[in-house]
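The values are calculated or read from the model by the stated rules, or taken from the named source; none is laboratory data. Since we're looking at a predicted model, the values are computed, not measured. Positions of Cβ are backbone-derived with ideal geometry, glycine not excepted, and every protein chain shown enters the neighbour counts.
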Amino acid sequence: MTTHYLVLSALLFAIGGAGVLVRRNAIVVFMCVELMLNACNLAFVTFARQHGNLDGQLIAFFVMVVAAAEVVIGLAIIVMIFRTRRSASVDDANLLKY
Amino acid sequence: MPWLSILMAVPVLGAVGVSLTKSDKLAKQLALAVSLVVLALTGVMAAQFNPSSATRFQFAEVYDWIPRFGVHYGVGVDGIALVLIALSAVLVPIVILASWHDADGTGAAAPPKRSVKTYFALLLVLEAMMIGVFAATDVFLFYVFFEAMLIPMYFMIGSYGGAQRSYAAVKFLLYSLFGGLLMLVAVIALYVIADKGTFMFPELVGVIQDPNTQKWLFLGFFIAFAVKAPLWPFHTWLPDAAAQAPAGAAVLLVGVLDKVGTYGMLRFCLELFPDAAKFFTPLVIVLSVVGIVYGAIVAIGQTDIKRLIAYTSISHFGFIALGVFAMTAHGGAGATLYMVNHGFSTGALFLIAGFLIYRRGSSQIADYGGVQKVAPLLAGTFLIAGLSGLSLPGLSSFVSEFMVLLGTYERYAVPAIIATSGVILAAIYILWMYQRTMTGPTAESVKGFTDLNIRERWVVAPLIAVIIALGFFPKPVLDVINPAVDQTLSNVHVDQFTPAVADKKGAGQ
Amino acid sequence: MQSPVEIVQHSGGVIGVSWLMIALPLLGAAILLLGGRRTDRWGHFLGVAMSLAAFVVAVVSFVEILGLPESERRRGIELYQFIPGIADMGLLIDPLSISFALLITGVGSLIHIYSVGYMSHDPDRRRFFAYLNLFVAAMLLLVLADNYVALFVGWEGVGLASYLLIGFWQFKPTAAAAAKKAFIVNRVGDFGLLIAIFTVWTTFGSVAFGDLSGATVSEAIGSGGASQGTITAIGLLLLLGACGKSAQLPLQSWLLDAMEGPTPVSALIHAATMVTAGVYLVVRSGAFFEAAPTAQLVVTIVGVATLLAGAIIGCAKDDIKKGLAGSTMSQIGYMMLGAGLGPVGYAFAIAHLITHGFFKANMFLGAGSVMHAMNDEVDMRRYGGLFSVMKVTAVTFIIGYLAIIGFPLLSGYFTKDGIIETAMEHNQILGWLAVVGAGITGFYMSRMIFMTFFGKKRWADDAHPHESPSVMTVPLVILSIGSIFLGAFLILDNRFMKFLAPAVGAPEELPAFHFVSTAGLATLALVAVGAAFAWFRYGAAEVPRVAPRGSFLTTFARRDLYGDALNETLFMRPGQWLARIAVFVDNRGIDGLVNGLAATIGGTSGRLRRVQTGYVRSYALSILFGAAVVVGALLYVGNM
């Protein structure tokens, strides 16, 4: 039973990770990051249930809060970049380099 | 009275005061006044010093600083430290007076105007640190001062120096930091291996017994000091730094800061790791002798006045290190006296060369000629300082060089003989430079030179007076140095020198 | 053999304050140098006064010494601790040192007086007198010091004074170069002297003359404390020092160039006093030399080689001062020869040193007087026939000339012949070479006389020679009187030898002076031949105004026996190359290594930073990669 949840979690995480690596649209990358976070949440909740321990559930809440905060700031930045550069592609925002 | 803390506090407070003043002129005057107060206080303290006292470190103060690691704010002076503190206290007011216009952006081909207040505040901060580094009796505190000294000097070279100042400043800083890092490792290892729970120097003497450990720790300290001093082949930062620094900063750099290296060898390398010091003595003596001859030969080939003086210093530092590692009473006392004398005579050379360069805006020897005719006082004092540099008897350096060579000869005849050839080379580099700059027909560019003005005379006069006085009557200083050197050597456990004749008599009886 | 007597600590009397001899001229120099232009008006009088005052102290001390019994004639005076534990500043007033003090202050004062006239047109006359006073003080410290370290202070002090005075007209590049050369060549000698002092110290544990008697040295050799080799080494190193100061081979090259200085300087420093310091050193260190026959032999060989070399150089010089300089070298060679011959030789050497001080100073000042009259012309080919216009100068010069060539009954006759005869008894070869040297002396000195004072006038068109003022001629007269009588006074009845005995020792049997001896007659004959030859070449025949090319030998002598060329090829040029190479190695090698290291680090990080592409996905990939590595590592560790 637990295995199914974990496999699902791993799949979601892999999909998210692949999305972050290959997609250029910042919003999509962002959503992929959310996907990875939620994959982690799923794993946490699964383990919490299996061990009969609420710690994992608790951590899931923390992750959600962090994710929410991240969305607020991240989206704000993306919107600002889009306004100035008329693009939401992460490859266009590559000024911070050597 | 906590004399040493006061000596450090006064210039620091003075530096704060100087940086808060409204006008540049006031800043200079305040800085000069503060440095004179420090000089006076040092004089009063030195008068109370008792060379024959049984307590080794006098005016001692010890407070816990980081009790968890046994780090203390521990200060105190013996004869060696006292004369070096006195050297710093004498040189700083002279340097302040000599640097009066160095940050103004006046003078021929001077760098653009910079913050005058900052320059003098840095000088005072540096003075506090110089006093601190010689006074520290806690190894960790010594390390802190050893590194912290770099900062004001870095800014003095980097902001107020010549055309290549940033290259020189970075080179100076990196070299010193590299050495300091090795020393930090050795300091921590010393603390851990000694397992005494303290960094206080007197309690660490003689604790490390294992010869191999001694060797590693010795190297950690020694390389830091060899870079600082600098010994050949760690010397190439010095000509750049000294040539690019403003004359006043160059005096403090070569005259005092570099002495921390040789002082450290005498105090820490010898006493903390006596067996390792004896093991490495042949190596150090070779480095010193090579430095003496090599520095002198390279000095002969220089075309830049300040670089030339810097290379003569490398040669002189070879003499000092030689005296330290000869481990004889005369060698050690001579080396300590040499540190003081070299500060005065090279200080005078740098300052007068600075006056010369201020007038012409070039430090190339070829740009001068016949200065003696238009500025006889400038040329005359330059000659006296130079003659002290070539150890003419009657001027201070002779006594120390003689003692170093004699002390070395007592134990290591061949290196002493090679080192003595330095006196010939010294005559060549000093007199040739004098000949090219001061004698001959007056060069066109030199014609408009004015002789030393009143301020410059006040800079030069005390230095020349000290050089001549110590040349004929070094006893007061030697009386302070000798007991301290004997104490050091007794911690190193070396046999005292006996003449060959007495040796035979002793064996016969 | 009679050994030197023990030194007695002295107090009271003028001897007790004999340090004034040094202090007064030193004070004079200090006042004149610090006082600056304010003292211009009376500076020269102060200089003369200080020198005369020192002379008075010396004379009174001398009288006091004479009043003491022989066994107490070495008086030590402690002044203060110089380098605690090694050397004190102390004086030793004994017959040897007081003889020197009299010579230095006496001849020195005369030359001071002469200089008042000679330098009267020089704007820097005050500085000149300051340096002269400095020289007198340093020279007195040299001879009066009671240990080697204090002696060394005076030794280098006179070197400094010599440097300053040779380069007195430092706007002339030749003068500045000559001054530097003199100092550096002297430093080579000082190097030897320093090592000698170190060796003495490490062997005997003292550098005071009082602790280093002949008895101490032989006892040390006996007990094995000092090997014979050590003592010989000390002797040779001392000789190296003496060679530098006294311009003996191989360190002779500086003396001829030193003639760039004003003529009174040449007379005082480079003829009468400073250059004889080497002889003083050898005599003062007799304890070592007497225990080291090899070193003594080398001293005599150096002396003979130099006396011949100097004489040969003197033959070819047209510059009157350089001719005299060659002659000085040669005469000091005689003294050195004498100094290598033990106590008998010491007395003759020092006596010759004193008489030489008189007649050579006499001739140098005479040459100065001639130059003064001839607009500073020094080329003797531009002189001739000066006898009629400057009689006093000419007559005194000729007296000096007769004294130096050893004309019977004049000073040189007694003192030089003494050295030659002692040498002859010691070693026939050395003796005969010294006789040959005397013959050459006869030639070159006669040549100088004939070219300068006799023959046709070969003056430059604007020359109007005239006799010098009396402030210059009076010293000449006094010196020439000394040149006549001093030798006879010192040598007859062995007066000087007996006087010196407490200081340097004396043989059991004092030598008798033979007015007629093989060596003496041979010397006289050769001198006569030399003088006659000079008459044919330069007296009877016309002297060309431009020097003819001359034979190989002439060129050889004109070029100072290729001494300078040798130094240049052996030391100077290689030295310059060495300095250049060293600078190159320092900049490109050692500093290059350091900068190369810095450049390598900089270059590496320059390449590494290319990893920062600015693309989020590549960062994400590296994060993923890092995470994978961490997880892999954890799994690996967990499975272990």
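Structural remarks
- Residues considered: A:ALA60, A:ALA48. Of these, the only one that is away from chain C (no Cβ under 14 Å), crowded, with 17+ Cβ neighbours inside 10 Å and more than 20 Å from the chain's Cα centre (by Cα) is A:ALA48.
- The set of residues from region C:374-390 being within 30 Å of C:THR523 (Cβ to Cβ) and surrounded by fewer than 18 Cβ atoms within 10 Å (Cβ to Cβ) comprises C:ARG381, C:PHE387.
- Some residue of region B:52-66 being part of a helix (DSSP H, G or I), modelled with pLDDT of 90 or more and not charged (D, E, K, R): no
- Verdict on C:LEU281 being within 14 Å of chain B (Cβ to nearest Cβ) and closer than 21 Å to C:VAL149 by Cβ: no
- Look at region A:10-31: where a residue is more than 16 Å from A:LEU75 (Cβ to Cβ) and a partner is of a type in the set (Asp, Glu), sitting 6+ places away or on another chain with Cβ atoms under 9 Å, you get A:GLY16/A:GLU34; A:ARG24/A:ASP91; A:ARG24/A:ASP92.
- Considering residues of region C:156-189 that are in a helix (DSSP H, G or I) and aromatic (Phe, Trp, Tyr) only, the residue nearest to the other protein chains (Cβ to nearest Cβ): C:PHE183
- When region C:190-218 is filtered for residues that are more than 9 Å from chain B (Cβ to nearest Cβ) and outside any loop (DSSP other than H, G, I, E, B), the ones remaining, listed by number, are C:GLY192, C:LEU193, C:ALA196, C:VAL200, C:ALA208, C:PHE209, C:GLY210, C:ASP211, C:GLY214, C:ALA215, C:VAL217, C:SER218.
- Top-ranked residue of region C:209-225 - restricted to ones that are surrounded by 21 or more Cβ atoms within 10 Å (Cβ to Cβ) and closer than 16 Å to C:LEU92 by Cβ, ranked as modelled with the highest pLDDT: C:PHE209
- Identity of the residue in region C:449-463, in contact with a Lys or Arg (Cβ under 9 Å, 6 or more places away or on another chain) and not in a loop (DSSP other than H, G, I, E, B), that ends up surrounded by the fewest Cβ atoms within 10 Å (Cβ to Cβ): C:PHE450
- Test result for B:GLN372, within 14 Å of chain C (Cβ to nearest Cβ) and of a type in the set (S, T, N, Q): yes
- Filtering region B:293-316 to residues that are away from every other protein chain (no Cβ under 12 Å) and of a type in the set (D, E, K, R) leaves only B:LYS306.
- Answer from B:PHE382, B:PHE325, B:PHE319, B:PHE350 - the residue that is surrounded by 24 or more Cβ atoms within 10 Å (Cβ to Cβ), more than 10 Å from chain C (Cβ to nearest Cβ) and closer than 29 Å to C:PRO123 by Cα: B:PHE382
- Every condition in (1) within 14 Å of chain C (Cβ to nearest Cβ); (2) under 29 Å from B:ALA194 (Cβ atoms); (3) surrounded by fewer than 18 Cβ atoms within 10 Å (Cβ to Cβ) holds for B:ALA148 except the one numbered (1).
- For C:LYS498: the one exception among (1) of a type outside the set (Val, Ile, Thr); (2) under 20 Å from C:THR415 (Cβ atoms); (3) crowded, with 24+ Cβ neighbours inside 10 Å: (3)
- Restricting attention to region B:205-232, the residues that are modelled with pLDDT under 90, surrounded by fewer than 22 Cβ atoms within 10 Å (Cβ to Cβ) and aliphatic (A, V, I, L, M) add up to 3.
- Test: residue in region B:56-78 that is among the aromatic types (Phe, Trp, Tyr) and without any contact (Cβ under 8 Å) to a residue 40 or more places away in the chain: yes
- Candidate set: region B:403-424, residues that are within 7 Å of chain C (Cβ to nearest Cβ) and under 29 Å from B:ALA461 (Cβ atoms); chosen: the one surrounded by the most Cβ atoms within 10 Å (Cβ to Cβ): B:MET403
- Exclusive hit being more than 7 Å from chain C (Cβ to nearest Cβ) and closer than 23 Å to C:GLY167 by Cβ, set B:ILE481, B:ILE428, B:ILE467: B:ILE467
- Residue within region C:105-119 that is at pLDDT below 90 and either within 14 Å of another protein chain (Cβ to nearest Cβ) or outside any helix (DSSP H, G or I) (or both) present: yes
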